[in-house]
Amino acid sequence: MTELAPENQPDAAQAPTQGQRVTRQDWLDAAREVLISEGESGVKVLSIAEGLTVARSSFYWYFKDRQDLLDALLDDWERTNTAFLVRHCELPADTITGAVCNFFRCFIDPGLFDQRLDFAVREWARRDTTVRREIDRADDTRLAAVAAMFRRYGYPEDEADIRGRILYFQQLGYHALDQNEPMRIRMKRLAGYLFGFTGQWPSPDEVAALNAYALEKAGG
């Protein structure tokens with residue numbers, strides 16, 4: 001374990017108190033918001049401490065140094081965005097269109113897939129080769145999960161790979177364009193989207209179920 005510099009050593013008298021109620025997760029959540037709004041260069045211990053209204057020294061009860069915090073942000077991104085997307089590709093469904101509806105839920109609910117965080121990490125990767133490798137690895141994992149989803153419903157290997165790539169990259173691209181399309185308008189095209197991605201028409205029940213889910217997440 002890397003030894004802390006003397007000025008960074010947490011003093012017992014400065015240990016986080018119950019009254020402060022600032023946890024490791026609080027530091028991580030605050031750092032994530034800074035990463036999203038300002039980029040990796042804005043993730044600074046002192047400014048985050050000021051935002052949390054706690055002493056800078058309390059940071060070192062949870063993290064060794066700034067790099068440890070950045071590593072934790074990457075781990076958090078992997079545990080949420082990638083893991084949830086893979087899990088939704090693996091959910092059971094009667095049809096491929098139902099399976100793609102499960103996939104779509106990740107891009108409807110930011111609690112499952114935070115698009116802001118994903119793009120912040122991708123922007124970070126432009127300047128950091130280590131993060132670039134993590135992005136590439138995550139994309140490979142996600143694409144493999146989407147292709148496997150298509151294969152489960154009888155699509156040949158090559159077709160499953162191509163359809164998976166079209167589906168995944170289209171979703172990322174849609175949000176990269178920062179489309180300001182109301183959810184109710186987007187959902188009117190759902191049946192056609194599903195046909196375009198799978199070559200099969202969805203059932204009315206599948207469309208209705210995802211429509212209800214999307215409108216609920218959009219606040220009606």
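In table form, for the structure just shown:
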{"item": "Folded to 0 to 90 degrees: helix 24-38 orientation relative to the chain principal axis, Cα", "result": "70 degrees"}
{"item": "Residue-wise HN-Hα coupling along the stretch 130-135, computed from phi with Karplus coefficients 6.51, -1.76, 1.60 (Hz; x: Gly, Pro)", "result": "5, 5, 4, 5, 5, 4"}
{"item": "Global size of the chain as Cα Rg and Dmax, reported in angstrom", "result": "20.9, 65"}
{"item": "Residue among 196, 164, 51 with the largest mean-square fluctuation in a Gaussian network model of the chain, springs linking Cα atoms under 10 Å", "result": "51"}
{"item": "The stretch 33-167, accessible surface, carbon-and-sulfur percent (1.4 angstrom probe)", "result": "51 percent"}
{"item": "Sparse-neighbourhood loop sites, trypsin sites (Lys or Arg not before Pro) in the stretch 108-163 - DSSP loop, at most 15 other Cβ within 10 angstrom", "result": "126, 127"}
{"item": "Helix-only CD estimate at 222 nm, as mean residue ellipticity for the chain, using -39500 (n - 2.57) per DSSP H run (n ≥ 4)", "result": "-20000 deg cm²/dmol"}
{"item": "Space enclosed by the convex hull of the alpha-carbon atoms of the stretch 11-140, per residue, Å³", "result": "122 Å³"}
{"item": "Debye equation applied to the C-alpha atoms of the stretch 136-220, log10 I(q)/I(0) at 0.18 Å⁻¹", "result": "-0.92"}
{"item": "Inter-probe distance in nm under a simple model that places probes 7 Å from Cα toward Cβ, at residue 200 and residue 127", "result": "4.6 nm"}
{"item": "Whole-Hz ³J(HN,Hα) from phi, Karplus 6.51 cos²θ - 1.76 cosθ + 1.60, for the stretch 94-99, glycine and proline x", "result": "6, 9, 5, 5, x, 5"}
{"item": "Accessible surface of residue 167 - all protein chains present, 1.4 Å probe, nearest 10 Å²", "result": "0 Å²"}
{"item": "GNM result for the chain, Cα springs below 10 Å: residue of 130, 141, 95 fluctuating most strongly", "result": "130"}
{"item": "Cα-Cα separations in the stretch 67-139 greater than 17 Å, expressed as whole percent", "result": "46 percent"}
{"item": "Accessible-area ranking of 91, 177, 194, largest first, probe 1.4 Å", "result": "177, 91, 194"}
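The values are calculated or read from the model by the stated rules, or taken from the named source; none is laboratory data. From a predicted model like this one, the values you see are computed outputs, not experimental measurements. Neighbour counts run over all protein chains shown; Cβ positions are idealised from the backbone, glycine included. All accessible areas refer to the heavy atoms of the entire protein, side chains included, with ligands and DNA or RNA removed. Shrake-Rupley method; radii C 1.70, N 1.55, O 1.52, S 1.80 Å.
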